[in-house]
Amino acid sequence: MSMTDRRMRNQVVESGDFTSGNKPKIAPLTNSRELFEVYALAHDYYVNKGYANPQADGILVQHPEFDLIPETRIFLAYFQEELVGTISITLDGKKGLPLKKTYPNTYAVIQTGGRHMAESWRLIVKTSCPQPERVAEALLNKAAEQLLADHVQTCFLSTVPPEHIAVCRESLNTVLLVGNSLPRGTSGSSCALLRWDVENLPKHWRDESLTKIA
């Protein structure tokens, strides 16, 4: 199926085979209730991993200034109608990218090259989810598909948990830039900053998208 055909499908995307025969479903965020579910998922995940202290309201808002702007899209992963994962993507625009505050030099150097950039962030899969790598892969693929449709040439993947670095490399041929890129309000040093460039994506991505981005 071509990239165009996939984009014209219903915006719910199925990917990966679970042992039960069911598949995770990836859907775009559509309302404020879902956004607060993302905040709660982020809170529970980072607290569970020891990256953040528990909050009384049970939510963790990493980059509030980016959540509601037109350049940002948020995708949700469901398994058996339960929210089990999420990923956010932001196109470079008036506000820049979330990593501009954390890695201003990296951002500035790449920006001077005139490349159309984006950032993929808040990649989270619930720790109790069956086969979490399948959910992470489905989220990454949906994010990459959307970014390529938006003609992105370089994408940074920030705050990538260590358990998902391998699937990022396998799915998108990412390069590790920094070994610690943590969300606002967290502590520790085990999340990563990665990068993919359209020229170096695996062949099946390049075959479908490179001519659209040139």
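Observations
Here is a yes/no grid of residues against (1) touching an Asp or Glu at 6+ places or on another chain (Cβ under 7 Å); (2) under 28 Å from ASN22 (Cα atoms); (3) of a type in the set (Val, Ile, Thr):
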| position | (1), (2), (3) |
| --- | --- |
| GLU119 | no, no, no |
| LEU123 | no, yes, no |
| ALA138 | no, yes, no |
| LEU147 | no, yes, no |
| HIS151 | no, no, no |
| CYS168 | no, yes, no |
| SER171 | yes, yes, no |
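- Contact map, segment 105-129: residues that are under 13 Å from SER158 (Cβ atoms) paired with residues that are modelled with pLDDT of 85 or more and among the acidic types (Asp, Glu), Cβ distance under 6 Å, separation 6+ or inter-chain. Pairs shown: MET117/ASP92.
- Residues of segment 38-75 classified as over 16 Å from the mean Cα position of the chain (by Cα), in a helix (DSSP H, G or I) and of a type in the set (Asp, Glu), total: 2
Matching residues to (1) in contact with a Cys (Cβ under 9 Å, 6 or more places away or on another chain); (2) over 20 Å from THR159 (Cβ atoms):
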site: ALA27; (1), (2): no, yes
site: THR30; (1), (2): no, yes
site: LEU41; (1), (2): no, no
site: TYR45; (1), (2): no, no
site: TYR51; (1), (2): yes, no
site: PRO54; (1), (2): no, no
site: ILE59; (1), (2): no, no
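- Candidate set from segment 93-103 (those that are in a helix (DSSP H, G or I) and not β-branched (Val, Ile, Thr)); member that is surrounded by the most Cβ atoms within 10 Å (Cβ to Cβ): LEU99
- Residue that is in contact with a Phe, Trp or Tyr (Cβ under 8 Å, 6 or more places away or on another chain) and under 25 Å from TRP205 (Cβ atoms), where the choices are ARG115, ARG134, ARG122: ARG134
- One residue from THR90, THR106 being part of a helix (DSSP H, G or I) and either over 18 Å from PRO28 (Cα atoms) or in contact with a strand residue (DSSP E or B) (Cβ under 8 Å, 6 or more places away or on another chain) (or both): THR106
- Just one of the numbered conditions (1) modelled with pLDDT of 95 or more; (2) among the basic types (Lys, Arg); (3) in contact with a helix residue (DSSP H, G or I) (Cβ under 6 Å, 6 or more places away or on another chain) is not true of LYS100: (1).
- In segment 118-134, the residues that are under 21 Å from THR90 (Cβ atoms) and of a type in the set (Val, Ile, Thr): ILE124, VAL125
- Any chance VAL175 is in contact with a strand residue (DSSP E or B) (Cβ under 6 Å, 6 or more places away or on another chain) and surrounded by fewer than 20 Cβ atoms within 10 Å (Cβ to Cβ): yes
The values are calculated or read from the model by the stated rules, or taken from the named source; none is laboratory data. These numbers come from a predicted model, not from an experiment. Counting neighbours? That spans all protein chains shown, and the Cβs are built from the backbone with ideal geometry, glycine included.
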